[in-house]
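Contents: one structure, followed by commentary.
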Amino acid sequence: MIGLDLSGADLSGGVFQESWFTDARLVGTKLIDVDLYRSDAEGADFSGADLTRASLVRANLDDAVLRGAVLDGADLVKASLYGVDASAASLRGTRLMGASLIDVDFRGSDLSQAIIQENTFKVIADETTKFTGMSGTLFGPVQVISREGKKEIGGAELERWLRELGGDVQVLERRW
């Protein structure tokens, strides 16, 4: 269903493989351990939702709002996140392997212990974004917003910056 409002509902443990949540309102919804394999949640609002250990493998989350959402231990392997507001979200221990993260706002988010592998990682971060224990490989660049302004960093500079923040990430070069 397009535009469905399930705000505040408890859908924990549900199996919603290949479901349509396009433009759905899932504000504050409990989605703990749900299976959203290959689901389409384009434009959905998950603000404050709890997606702990959710399976979002191959899910389309383009233009979704994950502001303040909890995705701890979630599986976002090969998920698409384009134009997503994930500010102040918790993604501790999340698997983001092979996912496309383009224009994702991670300001104030916690990506501690996240596992990434060959991710497109063109994201926005700030001084409060946490990368402690994040590991794997990614393609940059990252736009960093600080008191001094905006700065785009990539390559070796991005790798150094992430290491300074406690991450163990290798920045890969694109081979066109």
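The table for this structure:
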quantity: Single match in 106, 139 (criterion: at pLDDT 95 or above and of a type in the set (Phe, Trp, Tyr)); calculated: 106
quantity: Sole exception among (1) closer than 21 Å to residue 99 by Cα; (2) open to solvent by less than 70 Å² (accessible area, probe 1.4 Å) for residue 3, by number; calculated: (1)
quantity: First in region 32-51 and of a type in the set (S, T, N, Q), second anywhere and outside any loop (DSSP other than H, G, I, E, B), Cβ under 7 Å, 6 or more apart; calculated: 47/65
quantity: Qualifying positions in region 70-118 - farther than 22 Å from residue 18 by Cα, touching an Asp or Glu at 6+ places or on another chain (Cβ under 6 Å) and of a type in the set (S, T, N, Q); calculated: 87, 90
quantity: Subset of region 42-78 (residues that are of a type outside the set (A, V, I, L, M), farther than 22 Å from residue 138 by Cβ and in a loop (DSSP other than H, G, I, E, B)); calculated: 42, 43, 46, 47, 48, 52, 53, 67, 68
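The values are calculated or read from the model by the stated rules, or taken from the named source; none is laboratory data. This structure is a prediction, so every number in the text was calculated from the model and none was measured. We place every Cβ from the backbone using ideal geometry, glycine too, and count neighbours over all the protein chains shown. Side chains are part of the model used for accessible areas, which takes the heavy atoms of the whole protein and leaves out ligands, DNA and RNA. Shrake-Rupley method; radii C 1.70, N 1.55, O 1.52, S 1.80 Å.
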